[in-house]
Amino acid sequence: MKADYLVEMVNDIGAFFTSEAGLKEAPKGVADHIARFWDPRMRREIIAHYQASGGTGLSDVSLKAIALLAQQAALASSGAR
């Protein structure tokens, strides 16, 4: 899947959670949504985009959410909790 499409999807989810939960809680809501409902390949691709480009195209809320997911993925791959 193209990174541009994933970025658009994350930003749409971010806009929803910002309107529902506010700026403070939105990144966690976005990260939780992606962790629960996105295919693992999509999660890996958006994390790779974040790591390769610094999150080009992501809104502030979405950028924070993907940073959380990247951190969680790194912890999971290292076996840490």
Among Gly22, Gly55, Gly14, the residue with the largest mean-square fluctuation in a Gaussian network model of the chain built from Cα contacts under 10 Å is Gly22
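I'd like to verify something in the chain: which complete DSSP H helices, judged by Cα projection on the helix axis, reach 24 Å or more and average at least -1.0 on the Kyte-Doolittle scale?
Working: long enough: 3-21 (26 Å, 0.47); 60-78 (27 Å, 0.94).
Membrane-span-like by this rule: 3-21, 60-78.
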The answer for trypsin sites (Lys or Arg not before Pro) in region 20-73 that fall in a DSSP coil and have at most 14 neighbouring Cβ atoms within 10 Å is Lys24
With the charge dipole of the chain built from beta-carbon charges (+1 for Lys and Arg, -1 for Asp and Glu) about the Cα centre, the Cα from Met1, Leu23, Ala73 projecting farthest to the positive end belongs to Ala73
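Given only helices, namely DSSP H runs of n ≥ 4 each adding -39500 (n - 2.57), what is the per-residue ellipticity at 222 nm of the chain, to the nearest 500 deg cm²/dmol? All intermediate terms of the calculation are to be shown ahead of the outcome.
Working: 4 runs with 64 residues, N = 81.
Counting only the DSSP helices, I get -26000 deg cm²/dmol.
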Averaged over all viewing directions, the convex hull of the alpha carbons in region 3-75 casts a projected area in nm² of 4.2 nm²
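No lab work stands behind these numbers, since they all come straight from the coordinates. Just so it is clear, the structure is predicted and the values come from calculations on it, not from any experiment. Virtual Cβ from ideal backbone geometry, glycine too; neighbours counted across all protein chains shown.
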